[in-house]
Amino acid sequence: MSLKKRIDRLRVWIRDRLSGGCRMLSQGRECTCVLCDFDRICEVAKEAKEVAKEAKEEAQAVPFSQERNFEILQNCFWCGLNRKEQHDVLSKLGVFPVNTTNTAMTLELLAMNILLVGGKAGDLWHEVMLRLPENKRIPNPFN
Ligand SMILES: [Zn+2]
């Protein structure tokens, strides 16, 4: 499944589970509902790389071993970093709005996939390892 399809599916999934908020009509830039956060992240990603448009080809070009390395990277991200560190890493790499606090974990996952497809998994690896204790760090397979 292409990243764009995943994004569309995720948006529908969020909307279906949203109570109040922007379920029917957007409440604008100041809204902090999960759907608006999601749309903001998609916006940031689009501006950065137009990833949504080219995601299909690029996703298919990701080699298998990278998929495995990306799983390891995600494990370190989820288990080794606290929420603030997770947000810091993703905003530093430009796929997350600065100072976002009200998010679902699916949004971090989406942001990480955008980095992978955009060839930035090595940068993400670097930033994650920096925040782990030295004895837990793994050499970067993406560089
Ligand atoms: Zn909203």
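In summary, Met1 fulfils each of the numbered conditions (1) modelled with pLDDT of 85 or more; (2) more than 16 Å from the ligand (Cβ to nearest atom) with the single exception of condition (1). Remark: pairs (first residue in the range 75-96, at pLDDT 90 or above; second residue among the β-branched types (Val, Ile, Thr) and surrounded by fewer than 16 Cβ atoms within 10 Å (Cβ to Cβ); Cβ separation under 8 Å; 6+ apart in sequence or on different chains) = Cys76/Ile138. Across the range 121-143, what is the number of residues that are touching a residue at least 60 places away in the same chain (Cβ under 8 Å) and either surrounded by fewer than 16 Cβ atoms within 10 Å (Cβ to Cβ) or β-branched (Val, Ile, Thr) (or both)? The number of residues fulfilling the criteria is 3.
The values are calculated or read from the model by the stated rules, or taken from the named source; none is laboratory data. As the structure is a prediction and not an experimental result, all values here were calculated from the model. Here Cβ is always computed from backbone atoms with ideal geometry, including for glycine, and neighbour counts include all displayed protein chains.
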